Structure formats: structure tokens, C-alpha cells
1. Tell me whether segment 303-315 contains one or more residues that are within 26 Å of residue 260 (Cα to Cα), out of contact with any helix residue (DSSP H, G or I) (no Cβ under 8 Å at 6 or more places or on another chain) and more than 16 Å from the ligand (Cβ to nearest atom).
2. Read through the list (1) more than 25 Å from residue 127 (Cα to Cα); (2) in contact (Cβ under 8 Å) with a residue 60 or more places away in the chain; (3) within 14 Å of the ligand (Cβ to nearest atom), then give the number of the only condition that residue 296 fails.
3. So the check is Cβ under 6 Å with 6+ separation or different chains; which pairs have a first residue in segment 37-48 that's over 17 Å from residue 171 (Cβ atoms) and a second one that's surrounded by fewer than 24 Cβ atoms within 10 Å (Cβ to Cβ) and at pLDDT 95 or above?
4. Pick out the one residue from 173, 201 that is modelled with pLDDT under 95 and either farther than 14 Å from residue 251 by Cβ or more than 11 Å from the ligand (Cβ to nearest atom) (or both).
5. On the given criteria, is residue 331 in the same structural domain as residue 278 (by TED's automatic domain parsing) and either in contact with a strand residue (DSSP E or B) (Cβ under 6 Å, 6 or more places away or on another chain) or part of a helix (DSSP H, G or I) (or both)?
6. Residue under question is residue 213, and the condition is that it be out of contact with any helix residue (DSSP H, G or I) (no Cβ under 9 Å at 6 or more places or on another chain), crowded, with 19+ Cβ neighbours inside 10 Å and in contact (Cβ under 8 Å) with a residue 24 or more places away in the chain; does it hold?
7. Taking the stated definitions as given, is residue 119 within 25 Å of the chain's Cα centre (by Cα) and loosely packed, with under 15 Cβ neighbours inside 10 Å?
8. Inspect all residues belonging to segment 134-147 and state whether any of them is away from the ligand (no atom under 16 Å from the Cβ), touching a helix residue (DSSP H, G or I) at 6+ places or on another chain (Cβ under 6 Å) and within 22 Å of residue 344 (Cβ to Cβ).
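The values are calculated or read from the model by the stated rules, or taken from the named source; none is laboratory data. None of the values given here were measured: they were computed from a predicted structure. As a convention, Cβ positions derive from the backbone with ideal geometry for all residues, glycine included, and neighbour counts pool all protein chains shown.
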Ligand code: NAD
């Protein structure tokens, strides 16, 4: 019997396994993940801000797997494409006939001095929880330190993760002020972004609304301000210095280091794949999710790395594997976005939805939309546990 190895139990890997199991392919399916649980990476900002608990955004992988799928709990060290072998930290290596590499993302520092040592990234449950504990500990310290920098928070970058984190943070701040007896007028929240515009995927009007919403709740935006160094207690942009004892590092992501370690032709640990998502010269191997760079024929650029796209890629990869096993031709990846939602805490947000028309939404309604799309499991905020059970 042929073996399909699926690496990574993020949105892309889990969806692939589920699709393969439902397509009744007569193969051995082995899923590999370094943690026993799956976490919803689109909700890490809530764990970091303390508006959700780890248990709310994660679930046991084994309990959710379709029958017959084997699970290896281990860390992938490297992939030998020529020999078709995956090596692990602890287990014996695995020989595969087909591979789906969905190893996901890591924090990107762009080599900026001090970013790794002094910034708190939000890339998994542990880092999100560590960022939250640091924030609360630092705020609480103010009572005896009287160091105003303990009340300053710098959020680096103004992409989705930063803005959604800020939304949760300003929502929770009144509770933190009360809990730790803090002087609310002394709290400073900086958002420092290299580009002239935040959230470039939304139109100017919607961005202005989101920025205004956060400004009214205490966020100070500094756009066109590229961070050049991160020190213990400050963020530096050329001549400017923003003093803050909590520095959240959310300037973007790159693919898993296993990509570079395995000798792929890559950029920021992402590999450009063919239009059927297979790797050049390796029709038996598919790269999906954040380790892949998929050209979008409609724009000439690469698709962004979002959960929604990862899920769509998983559907294509699983269908193409079934086609290969049955001796049929593979199909091109074809993606139509159903829209984008950026929440600003639990009670507000902006959304650009392409479902039953084109809807540009802002305000409290976005919370409702998010709930609907969560339940329907269509957008990237979809709960994977539901998704695994749906067809
Ligand atoms: P991102 O790449 O979307 O945003 C990072 C931001 O940091 C960019 O605006 C960039 O200009 C800025 N930046 C980079 N280097 C900088 C520097 N030196 N100084 C100042 N600013 C700098 O990354 P993200 O927000 O971590 O998101 C990662 C991926 O996950 C993206 O593809 C995103 O679309 C996706 N995501 C989507 C959602 C959603 O749709 N709700 C939520 C979270 C993440």
C-alpha cells in the first residue's frame, strides 16, 4: 500500500487529511505534528491579549482525526526529496510515496537587531501566552517600579495580527487598569509600521474607520516608520526611539525553517510551486499553506498566506493526490476569496465580503459576520474542529 505523509496539523495539513480520508483513497495516511494539539493561528492574538484562553483556540488532534489516519507526534528535522524520506527528532525516519508539506509559519525578524531577543512574537500558543504573561506582569510591576515605561506597549507592524491584537488589547485595557490599579492617562500604546498605510488589503475609507476606532481607544499610530532596532525597553526607527517595556513583534511571517534545512530552492522558507501545487520535478510532492508561494494568475503576484487560502490549497492537493492514485491528470489551483474580516476586539471590526454580492462592513455588525462565517467554516476564522466534520 502506498504511503501519503502529511506534515503539519495546521489548517492546511488537517484539512488535507480530512479530505483524503473522505475521498476513500486506498492508502496509508500518516499525519505528523510536533504538538499533540492543533491551535487556531488566526486567534492567537486573543490569547495574547487575554480575551481567550488556550483551550478556546486549540483541540486534541488524535481525537479529531478521521478513522484510519496514523499520527506521529514528533518534530520534522528534514525532508530528502530524492529518497522520499522524512527524518524526525525522535522517531525512525518515514519513507513516503506521496508528500504534503504543510509545515506552516515562523516569526520573521528580517534580521533586525534585537528583534528576536526583545520582541514578543505571536506564533503559537506558548508564545502568545508568554506575551500575555509578560504584559500583565509588566503592567502590574508599575505599582512598585513607578517606571512609566512599564505602562507603554509597542506593537510592531500594522498587518492583520497587529491590528487584531490592538483591537483585543484596547477592549481589555479598562479591566487591566482596574485590576492593577493603574493610572489610565499614563498608558501608551504605540503601533509602529514601515509602510505608509495600515491593512493595505482594505480600501482607504475602511482603514480610516479602523484607525480612528483604535485611536479613540488610545492607540498612537506611527506609519512610514521602519523599525531598525529593538532594544530591551525600546523600539528604534532611524532617529526615533519609542520607549516601552512590552514590545509585541508582529511584523510578518516566513515559512518553516525545515524548508531551508532540507535544501529547497526557497525565499523566506517559501517555495514557488506549480499551478497544481506540486513541486517542480516532484509530481508526488505538494507544498501548501505558509511554506508555499502560489502565483495568482489574476494579479501576477503570489497569493497572501492566509488560513482561507491554506484550506482551499488543501482541497486541491487532496484532490490531486486522489487523481494521481487513480491515474488521472491533476487540476490547477483555482481560488476565489469569499472575503476578509479584520476584527477590532469582540465588538467591532471591518469586513470586505464577497458572498451573495459585495459587502463592505464596519462596526459591531462585523462581530455578527465573524460569528456567521465561523459557524459556516468558510472564512479563515473557521474552526478546524467543525471543518473536519463537514464535507
Ligand atoms: P503581515 O505581513 O500581514 O503584516 C506585517 C506588517 O509589518 C506589514 O504591514 C509590514 O509593512 C510591517 N513591517 C514589516 N517590517 C517592519 C519593520 N521593520 N518596521 C515596521 N513595520 C514593519 O503579517 P501578519 O499580520 O503577521 O500576518 C501574517 C499572515 O497571516 C498574513 O498573510 C495575513 O494576511 C494573515 N492573517 C490574516 C488574518 C485575517 O485575515 N483576519 C489574521 C491574522 C493573520
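1. The answer is no, given that none of the residues of segment 303-315 is within 26 Å of residue 260 (Cα to Cα), out of contact with any helix residue (DSSP H, G or I) (no Cβ under 8 Å at 6 or more places or on another chain) and more than 16 Å from the ligand (Cβ to nearest atom).
2. Result: residue 296 passes all but (2).
3. Cβ pairs passing all conditions: 39/125.
4. On the way: 173 fails: modelled with pLDDT under 95.
Just a single option satisfies the conditions, and that option is 201.
5. Values: in the same structural domain as residue 278 (by TED's automatic domain parsing): yes; either in contact with a strand residue (DSSP E or B) (Cβ under 6 Å, 6 or more places away or on another chain) or part of a helix (DSSP H, G or I) (or both): no.
Spelling it out, it is not the case that residue 331 is in the same structural domain as residue 278 (by TED's automatic domain parsing) and either in contact with a strand residue (DSSP E or B) (Cβ under 6 Å, 6 or more places away or on another chain) or part of a helix (DSSP H, G or I) (or both).
6. no
7. Details: within 25 Å of the chain's Cα centre (by Cα): yes; loosely packed, with under 15 Cβ neighbours inside 10 Å: no.
No, not satisfied.
8. yes
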